[in-house]
Amino acid sequence: MKKALTNTRVTVKIRKSDFRDEWYLYLEAYPIYTPGKKTPSRVREYVNRTITTPIWDKSRTARTTEKSTTYKPKRDANGIIQCKSPVDQEACIYADNIRSIRQREYDNTSLYTDVEKNLAEQNEKSQCNFIEYFHHIAKERHKNSSKSIIINWNRVYELLKIFAKSDSILFSQIDVRLMEEFKMFLLTAPQGGKKKGTLSQNSAATYFAIFKAGLKQAFVDGYLTIDLSAKVRGIKEQESRREYLTRDELQLLADTPCDKPIMKRAALFSALTGLRHSDIQKLKWSEVQEDGNHYRLHFTQQKTKGVEYKPISKLAYLTCGERKEPDRFVFEDLPDPSWISKPLERWIKAAGITRKITFHSFRHTFATLLIAEGTDIYIVKEMMGHNNVQTTQIYAKVINEKKDLAADAIQIDLNLDNL
C-alpha cells in the first residue's frame with residue numbers, strides 16, 4: 001500500500017506595506033493538512049525582513065485592474081527574488097535559506113516512516129518520570145483495591161523517592177542494574193510511619209514485587225521497550241510461622257468469657273469459616289444466605305476483590321447472632337485491627353494460652369484443622385479464597401511438622417545388641 005504524501009511546498013513571497021514604499025518578505029506553505037479538517041490550509045511565516053528594490057517580471061502578471069497592472073517579482077534559476085539593492089538581495093537570500101529549512105521539515109514529516117514515528121514517541125516517553133507514572137497507576141488502577149494493597153503501593157512510591165533522593169527517575173535510567181540496586185536498598189530500607197528499624201525480608205519481597213508490577217505495566221503501556229520485570233528475580237520470602245489453635249484450645253476460648261463479646265464471636269467465626277478480619281468487618285446480612293439447614297456466604301473479598309460463594313457450618317452461622325436487616329453488618333461495631341490486639345490478648349491470656357495469637361491466627365486455625373482432618377488441599381484452597389494452591393500448601397507443611405514431632409514423641413532406651 002502506497003504511503004500518502006502531503007507534497008507541501010514552501011515559497012518566499014512579498015507583500016506591499018500599506019504605509020511605506022516597501023515589501024515584507026514572508027514564507028507561504030501549502031497545502032497543510034490539519035487533523036479533523038478535510039480541506040488544506042495555507043500557513044504564512046514572516047521572516048522580519050523588508051525590501052524596497054524588487055525587480056518585476058513584466059512577463060508574469062500578478063493582478064490587473066481598470067487603473068493598473070501589477071507584476072510578480074523576478075526570480076533567478078533557484079527561485080530567489082531578485083533586487084536592485086545588494087542589501088535587499090541579501091535579505092531575499094536569507095529568506096530563501098529559511099524556506100529551504102522549512103521545506104526539509106515538511107518533506108521529512110511527509111516521508112517519516114511509522115518506525116521512525118514510533119521511535120520518536122518512544123524517545124519522548126523515555127524522558128517521562130517513572131515515579132510520577134508509578135504514583136498515577138497506584139491511584140487510578142488500584143483506587144478500588146483493598147486498603148492493604150493501596151497502602152503497600154503508596155509505601156513503594158515513598159520508598160522510590162527515598163531511593164532516588166528526589167521525586168524523579170526517568171524511564172531512560174531504568175535498567176537491570178537500577179533494579180538490582182533498588183532490591184538491595186529495600187533489604188535495608190526503613191520502616192514507615194513511627195516504626196523503627198528496617199523492613200522485614202517479607203515486606204521487602206512484597207514491595208519489590210509491587211515495583212516489578214509497576215515496570216510490567218510500564219512495558220504494557222509502551223514506556224519501556226523490553227519487559228524489565230522479567231529480567232530480575234524477586235526477593236525470596238522467609239517462611240513465617242503461622243500460629244494456629246488446636247481444637248482443644250479453640251474449645252477453651254469458646255468457654256472463656258471475653259470483655260469484648262463482638263470480638264469473641266468474630267474470632268470464632270473466623271476460625272469456623274477462614275474469613276479475614278476485613279471480610280468479617282464488612283459482611284452484611286444480605287450476604288449470609290440460609291436455605292433450610294444449609295448456610296452460605298456470597299460476598300466480595302476485601303483483599304482480592306474476588307467474588308466468593310462459600311458454604312459455612314450451622315455452628316459458624318450461630319456465632320453471627322440474631323439475624324437483622326439485610327443492609328446491616330453482621331458483626332456491627334467490630335473494632336479495626338489496631339484496636340483489637342489488647343482485648344484479644346486479655347482473652348487469650350484468660351484462657352491460659354501463652355503463645356502469641358493474633359486475630360489472623362483464627363484464619364490459620366481454620367485451614368490447619370481442615371487439612372488435619374484430611375480435607376483435600378484444593379478444597380481448602382477454595383474455602384480459603386487463595387489464588388494459588390502453593391499458598392495453601394504452607395498449612396500442609398505445618399501439619400507434616402507436627403507429624404514429625406509425633407513420630408519422635410515415644411522415646412525408650414533401646415539396646416541394639418539385645419534385638
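The values are calculated or read from the model by the stated rules, or taken from the named source; none is laboratory data. Worth saying up front: this structure is predicted, and the values here are computed from it rather than measured. For neighbour counting, all protein chains shown are included, and Cβ atoms are generated from backbone atoms with ideal geometry for every residue, glycine included. Heavy atoms of the whole protein, side chains included, go into the accessibility calculation; ligands, DNA and RNA do not. Shrake-Rupley method; radii C 1.70, N 1.55, O 1.52, S 1.80 Å.
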- [ ] Evaluate Rg over Rh across the stretch 23-154, taking Cα atoms for both radii and Kirkwood's formula for Rh.
- [x] 1.31
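Where the accessible area of the chain is counted over protein heavy atoms with a 1.4 Å probe, how much of it, in %, is carbon and sulfur?
Details: 13680 of 26910 Å².
Carbon-and-sulfur percentage of accessible area, whole number: 51.
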Task: Per residue solvent-accessible surface (Å²) - the chain, probe of 1.4 Å - done: 64 Å²
- [ ] Find how many whole Å separate the alpha carbon centroid of the stretch 28-80 from the alpha carbon centroid of the stretch 373-388.
- [x] 82 Å
Task: Rounded tilt (10° steps) of 130-140 against the dominant C-alpha axis of the chain - done: 60 degrees
- [ ] Within the stretch 283-334, report the trypsin sites (Lys or Arg not before Pro) that DSSP leaves as loop and that have at most 12 other Cβ atoms within 10 Å.
- [x] 305, 323, 328
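Total Lys pairs in the stretch 46-126 closer than 18 Å by alpha-carbon, pairs eight or more apart in sequence or interchain only?
Values: 58/67; 58/72; 58/74; 58/84; 72/84; 74/84; 117/125.
Taking the Cα cut-off of 18 Å, the pair count is 7.
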- [ ] Give the cross-link partners of residue 381 among the lysines, using a straight C-alpha distance below 19 Å as the criterion and excluding same-chain residues fewer than 8 apart.
- [x] 303, 305, 310, 397
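Do you know the relative contact order of the stretch 190-340, to the nearest whole percent, from alpha carbon pairs under 8 angstrom that are 6+ apart?
Details: 154 pairs, mean separation 27.4, N = 151.
That works out to 18 percent.
Which pairs in the list 147/282; 143/183; 139/216 are over 20 Å apart, alpha-carbon to alpha-carbon? Please report the intermediate quantities before stating the final value.
Working: 147/282 13 Å; 143/183 26 Å; 139/216 17 Å.
Check vs 20 Å cut-off fails for 143/183.
Can you give the helix-only mean residue ellipticity at 222 nm for the chain, where every DSSP H stretch with n ≥ 4 adds -39500 (n - 2.57) and the sum goes over all residues, rounded to the nearest 500 deg cm²/dmol?
Working: 14 runs with 186 residues, N = 419.
Mean residue ellipticity, 222 nm, calculated: -14000 deg cm²/dmol.
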TODO: With the convex hull built on the Cα atoms of the stretch 161-233, state its orientation-averaged projected area in nm².
DONE: 5.1 nm²
- [ ] Please report the Cα spread of the stretch 280-349 along all three principal axes, rounded to whole Å, starting with the longest.
- [x] 38, 26, 21
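Just need the relative contact order of the chain here, percent rounded to a whole number, with Cα pairs under 8 Å and 6+ apart. Intermediate results must be reported in sequence, preceding the final value.
Values: 528 pairs, mean separation 40.1, N = 419.
Computed over the chain, the figure is 10 percent.
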Task: From the coordinates shown, semi-axes √(5λ) of the Cα gyration tensor in Å corresponds to which of (1) 34, 24, 21; (2) 52, 33, 22; (3) 79, 26, 19 - done: (3)
- [ ] Using only Cα atoms, find the angle between the long axis of helix 176-186 and the longest principal axis of the chain, and express it within 0 to 90 degrees, rounded to the nearest 10.
- [x] 40 degrees
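Going through the cross-link list 13/37; 264/314; 264/342; 194/356, which pairs have a Cα-Cα distance over 19 Å in this structure?
Values: 13/37 26 Å; 264/314 17 Å; 264/342 13 Å; 194/356 23 Å.
From 13/37; 264/314; 264/342; 194/356, over 19 Å: 13/37; 194/356.
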Task: Rounded to 10°, Cα long-axis angle of helix 389-407 versus longest principal axis of the chain - done: 30 degrees
Task: Of every Cα-Cα pair in the stretch 235-288, the percent that sits beyond 19 Å - done: 42 percent
